[in-house]
Ligand code: SF4
Ligand code: SF4
Ligand code: SF4
Ligand code: SF4
Ligand code: SF4
């Protein structure tokens, strides 16, 4: 672990700024966690996940991981965790959801940049988040414009690996190009960790992630039960915690949660009443502590039945599929998984996202869709129109919610979401 | 002329050139056996045993030759062999040898009255595909009681050249068993199975109390694990060795090339064996391997195992019927020898067409995925690479387009070369596999080189040859009417591309197709699909892909089954910390 950042002498002004940051950051994170805990039917086994979030955002400690294992900051689901684990490091997803860091980054980034990127830049500037600071390497896939500039900006300050993501993935060459990116990334990792990539290490890492995904799939199957066993906000906390947890530990925690949920299912204890409108949240990433939307939905009497967001279910959903057990075969599996099934709107052609959402509507008995747009996130906003048209065709109400990382618009959001929920409840759209 | 036409023309010319090269190349011998007649030698022993022929590889021995006259059947009729010895048989010999003792009187039926006994022996060398029993009739009054073996499992008896109708004959098998039977109106009996005949059989016919005719019959045998079998395996062993050397060379050359190109060291180590083994779970895949193994055994030793063959049924895969022990015959021969087919009695045509239509409609290329021995061989080589974790050669759309082109050339050769007097069999890799394993000495021309190519390419790219196989392609053509279907649920599919990555036939549409009449059950069956089920096994979405046979779901994609496969490591290999 790199301790040098913590012993740098701060000027009084910097010290004051940091103290303010600490206070505010702690306060928001604490408030969000409290609101999560206050929701009804919180399973006992959820505690370790919330503790992880608390550890990183309230206590501001580094993520827990075995000693001598460096951490690698990743900025998107397209950075394969398997590769990082295989080369003796631990991935930490650093996409920022912090209101305070966002406020800091607001001074550096252009006005129209998205809050996620602003928060990341804020973290870098304020230098007060161990989980962030201690990363030995940053891995930034070039997805949208904001990420591209972020990659450049970060590489002037930190060891940074930039991964070029193809704009499309149906042609074989596109995917093959990403295989080469992954080899380059792996070389970068070897420099940092001193651990060369071998087929054996990689396959063990695959198994490790596959175990996590097995539990996740079990979890998803439980979530699909109707009536519902677990609130979507809790599920999002579980998925957000995955970003900061050593994966075998997360797998164990999730196994316990699954066991508890199975017990609940047997005793017929459901999370919410049957008649609560079942909503799907999709769109720009929802990153802790920015839990504004999920909390609002569930506090206003809706049920967040599912989410299609990259810090939620999608973050670990797609498994890499090994069809060829040679090293190159596994690298292809990683590249394939990172690009082809990804419903990220930064890909030029992304009709698969509509199909994905349709499938989820069926799987989770969805009655309405909440479309989250982070102010400045063009790519997700772009896809709202097609999504709206598709939902209209299916007769599913949809609402577009544009917001960023501050609490000024909360009241206005509350009113809109309440109205949306009422509309589904009494609008005759019951199924 | 637009570019498309130009390209088409260029491809056509290239194809013609390739076909021309192939026409000359087919005659390049890989390993040829000399004519069985040249190889064979005959020794007569006067060892007081019953009059009979026996084989040891190419050496034929006549036992009990005291006072016997020994003949070879030539085009001019029976020709006596002096001293009963021949280092090679007469040039115009038809491959049949006979021995007969002068008639003597003895009481062989135990009724106390001596009869006239005619004791004879007969053997047919190189009992091969084109053995024509009409030519091999001795038709000579020196051997009055004669037996012909037109097809495995069928004997025709004659007495003084005329069919021996409704006659009671006793057969004594090599293990001492006695089988009594009566011939039909044309002297035919099907009472004995292939295995009854293999070790030699003695027929006894007693027309009346005063005559006994005895004939010992022996075909050229090819007992597995005998010296003869080992010899027959030689060309295939040679092929394996050459293929192995080529594979090693390829691995070394590629490693050097990757290093030279400055590729990442991890990439350059393309051979990384590992102790981590995946655990297999019972399912479609295991069933498929089971069926493949059974078919493989059946198509090599079927006749031996079952004692009979279904030689009228023409299985439309490259299971080479030069192996006469195989359970069924194969349609490939007739497809590539259409002129020969038309010269046969109409029943041949009927059986050929009937088998093809029936198989194509019932199973289609499922036969490729489950039955074809050449396909099995390629799956085995692929598994070998998986176990060794050697980097393969992954093909993309462009490479598959090249293979498709080669397939057209192969198809042209397959159907056409027979019409202009050639034989596709001289080029067909399958000729090197099953006949040798069954112990048949089959001469290999270009086939031998093809087989090396099949093994090496199949090692680096699974089922590479199947991508250019004309027989498989023809079998897949009527797939629209076939009962085997591959279907896709376009909504459940995440377009993850895993199916395409897994597909040995490079069928991309299973991954990309989204639109169809019923999006929850789009038919994605194609001519190329061999129903190996790997796309389904590797599909991580519940129900996104599935296979049906006559409407019954055989195999359905399941996320949990997939993850169980992927997460399963053999015990004791889990990582320590965590
Ligand atoms: S996709 Fe949207 S939220 Fe994500 S970095 Fe780009 S602009 Fe920001
Ligand atoms: S050599 Fe090939 S084409 Fe000829 S009969 Fe054998 S398998 Fe069929
Ligand atoms: S395509 Fe393959 S499996 Fe099918 S007949 Fe040809 S060699 Fe056999
Ligand atoms: S593997 Fe399954 S989910 Fe993936 S593209 Fe193929 S059918 Fe779709
Ligand atoms: S489509 Fe599926 S079943 Fe057909 S050949 Fe390809 S992987 Fe095998």
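The values are calculated or read from the model by the stated rules, or taken from the named source; none is laboratory data. Owing to the predicted nature of the structure, the values given are computational and were not obtained by experimental measurement. Because the Cβ atoms are built from the backbone with ideal geometry, glycine has one as well, and the counts that use them run over all protein chains shown.
Of B:428, B:499, B:466, which residue is crowded, with 24+ Cβ neighbours inside 10 Å and within 16 Å of ligand 4 (Cβ to nearest atom)? I'd like the intermediate steps shown before the answer.
On the way: B:428 fails: within 16 Å of ligand 4 (Cβ to nearest atom); B:466 fails: within 16 Å of ligand 4 (Cβ to nearest atom).
From the options B:428, B:499, B:466, the qualifying one is B:499.
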Notebook entry, point to check: Which one of these does residue B:195 not meet: (1) under 22 Å from residue B:441 (Cα atoms); (2) in contact with a strand residue (DSSP E or B) (Cβ under 8 Å, 6 or more places away or on another chain); (3) in contact (Cβ under 8 Å) with a residue 60 or more places away in the chain?
Noted result: (2)
Checklist line | Count of residues meeting criterion [in a helix (DSSP H, G or I) and more than 16 Å from ligand 3 (Cβ to nearest atom)] in the stretch B:474-496 | finding: 2
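So, of the residues in the stretch B:313-350 that are in a helix (DSSP H, G or I) and within 14 Å of ligand 3 (Cβ to nearest atom), which turns out to be nearest to the other protein chains (Cβ to nearest Cβ)?
The extreme case among them is B:332.
Among the residues of the stretch A:92-110, which ones are away from ligand 1 (no atom under 16 Å from the Cβ) and crowded, with 22+ Cβ neighbours inside 10 Å?
Going residue by residue through the stretch A:92-110, those that are away from ligand 1 (no atom under 16 Å from the Cβ) are A:92, A:100, A:103-104, A:107.
Matches in the stretch A:92-110: A:92, A:100, A:104.
If the requirement is being over 27 Å from the mean Cα position of the chain (by Cα) and within 14 Å of ligand 5 (Cβ to nearest atom), which of these qualifies: B:518, B:556?
One residue alone meets the criteria, B:556.
Take residue B:482 and decide whether it is more than 10 Å from chain A (Cβ to nearest Cβ), within 12 Å of ligand 5 (Cβ to nearest atom) and at pLDDT below 95.
no
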Check: Residue check, residue A:323 against (1) within 14 Å of another protein chain (Cβ to nearest Cβ); (2) under 24 Å from the mean Cα position of the chain (by Cα), all met but one. Which one?
Finding: (2)
Notebook entry, point to check: Of the residues B:470, B:504, which single one is closer than 27 Å to residue B:456 by Cβ, facing chain A (nearest Cβ under 10 Å) and within 13 Å of ligand 3 (Cβ to nearest atom)?
Noted result: B:504
Check: Would it be correct to say that residue A:289 is in contact with a strand residue (DSSP E or B) (Cβ under 8 Å, 6 or more places away or on another chain) and at pLDDT below 95?
Finding: no
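Does at least one position in the stretch B:394-406 carry a residue that is touching a helix residue (DSSP H, G or I) at 6+ places or on another chain (Cβ under 6 Å) and within 13 Å of ligand 3 (Cβ to nearest atom)? First the steps, then the outcome.
Kept after step one, since they are touching a helix residue (DSSP H, G or I) at 6+ places or on another chain (Cβ under 6 Å), are these residues of the stretch B:394-406: B:396-397, B:403.
The next check asks that each one be within 13 Å of ligand 3 (Cβ to nearest atom); those that pass are B:403.
There is at least one residue in the stretch B:394-406 that is touching a helix residue (DSSP H, G or I) at 6+ places or on another chain (Cβ under 6 Å) and within 13 Å of ligand 3 (Cβ to nearest atom).
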Notebook entry, point to check: Which condition number does residue B:453 fail, the rest of (1) in a helix (DSSP H, G or I); (2) in contact (Cβ under 8 Å) with a residue 40 or more places away in the chain; (3) more than 17 Å from the chain's Cα centre (by Cα); (4) within 16 Å of ligand 2 (Cβ to nearest atom) being met?
Noted result: (2)
Check: Which of (1) within 10 Å of ligand 5 (Cβ to nearest atom); (2) at pLDDT 95 or above; (3) not in a loop (DSSP other than H, G, I, E, B) does residue B:507 not meet, given it meets every other one?
Finding: (3)
Notebook entry, point to check: List, please: which pairs have Cβ atoms under 7 Å, are six or more places apart or on different chains, and start with a residue in the stretch B:418-432 that is within 12 Å of residue B:30 (Cα to Cα) and in a helix (DSSP H, G or I) and end with one that is modelled with pLDDT of 90 or more and within 16 Å of ligand 5 (Cβ to nearest atom)?
Noted result: B:429/B:374; B:429/B:465
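For the condition in contact with a helix residue (DSSP H, G or I) (Cβ under 6 Å, 6 or more places away or on another chain), more than 9 Å from ligand 4 (Cβ to nearest atom) and at pLDDT below 95, what is the one hit in B:578, B:551?
On the way: B:551 fails: in contact with a helix residue (DSSP H, G or I) (Cβ under 6 Å, 6 or more places away or on another chain).
One residue alone meets the criteria, B:578.
Could we say that residue B:499 is at pLDDT 95 or above, within 14 Å of ligand 3 (Cβ to nearest atom) and within 12 Å of chain A (Cβ to nearest Cβ) here?
Values: at pLDDT 95 or above: yes; within 14 Å of ligand 3 (Cβ to nearest atom): no; within 12 Å of chain A (Cβ to nearest Cβ): yes.
Criteria not met by residue B:499.
Assess whether residue A:320 counts as being surrounded by fewer than 24 Cβ atoms within 10 Å (Cβ to Cβ) and in a loop (DSSP other than H, G, I, E, B).
Values: surrounded by fewer than 24 Cβ atoms within 10 Å (Cβ to Cβ): no; in a loop (DSSP other than H, G, I, E, B): yes.
No; evaluated as a whole, the condition is false for this residue.
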Checklist line | Which listed residue is more than 8 Å from every other protein chain (Cβ to nearest Cβ) and touching a residue at least 60 places away in the same chain (Cβ under 8 Å), from A:337, A:314 | finding: A:314
Check: Looking at (1) part of a loop (DSSP other than H, G, I, E, B); (2) farther than 27 Å from residue B:502 by Cα; (3) within 10 Å of chain B (Cβ to nearest Cβ), which is the only condition residue A:408 fails?
Finding: (3)
Checklist line | Single residue of the stretch A:361-389 satisfying the filter (within 14 Å of another protein chain (Cβ to nearest Cβ) and surrounded by fewer than 20 Cβ atoms within 10 Å (Cβ to Cβ)) that is farthest from residue A:313 (Cα to Cα) | finding: A:362
Next item on the list: Could you list, in sequence order, all residues of the stretch A:217-236 that are within 9 Å of chain B (Cβ to nearest Cβ) and either touching a residue at least 40 places away in the same chain (Cβ under 8 Å) or in contact with a helix residue (DSSP H, G or I) (Cβ under 6 Å, 6 or more places away or on another chain) (or both)?
Entry: A:217, A:218, A:220
Next item on the list: Under 7 Å between Cβ atoms, at least 6 apart or on separate chains: pull out the pairs that start in the stretch B:311-328 with a residue that is touching a residue at least 40 places away in the same chain (Cβ under 8 Å) and closer than 18 Å to residue B:369 by Cα and end on any residue that is in a loop (DSSP other than H, G, I, E, B) and near ligand 2 (Cβ under 8 Å from one of its atoms).
Entry: B:318/B:428
Item checked: Condition broken by residue A:328, with the remaining ones in (1) over 15 Å from residue B:495 (Cβ atoms); (2) more than 8 Å from chain B (Cβ to nearest Cβ) satisfied -> (2)
Margin query: Just to be sure I understand, how many residues within the stretch A:153-187 are under 24 Å from the mean Cα position of the chain (by Cα) and within 11 Å of chain B (Cβ to nearest Cβ)?
Written below: 6
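Hey, any hits in the stretch B:100-122 for a residue that's in a strand (DSSP E or B), surrounded by 15 or more Cβ atoms within 10 Å (Cβ to Cβ) and in contact with a helix residue (DSSP H, G or I) (Cβ under 9 Å, 6 or more places away or on another chain)?
Let us first name the residues in the stretch B:100-122 that are in a strand (DSSP E or B), namely B:100, B:104-106, B:115-122.
Then drop every residue that is not surrounded by 15 or more Cβ atoms within 10 Å (Cβ to Cβ), which leaves B:100, B:115, B:117-122.
Next, only the ones that are in contact with a helix residue (DSSP H, G or I) (Cβ under 9 Å, 6 or more places away or on another chain) stay: none.
No - not one qualifying residue is present in the stretch B:100-122.
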Check: Of these, A:136, A:151, A:113, which one is surrounded by fewer than 20 Cβ atoms within 10 Å (Cβ to Cβ) and either closer than 25 Å to residue A:166 by Cα or touching a residue at least 40 places away in the same chain (Cβ under 8 Å) (or both)?
Finding: A:136
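Taking residue B:526, is it surrounded by fewer than 19 Cβ atoms within 10 Å (Cβ to Cβ), part of a loop (DSSP other than H, G, I, E, B) and within 14 Å of ligand 5 (Cβ to nearest atom)?
Values: surrounded by fewer than 19 Cβ atoms within 10 Å (Cβ to Cβ): yes; part of a loop (DSSP other than H, G, I, E, B): yes; within 14 Å of ligand 5 (Cβ to nearest atom): yes.
Taking the combined requirement at face value, the residue satisfies it.
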Notebook entry, point to check: When the residues of the stretch A:257-287 are filtered to those that are more than 26 Å from the chain's Cα centre (by Cα) and outside any loop (DSSP other than H, G, I, E, B), which remaining residue is nearest to residue A:29 (Cα to Cα)?
Noted result: A:264
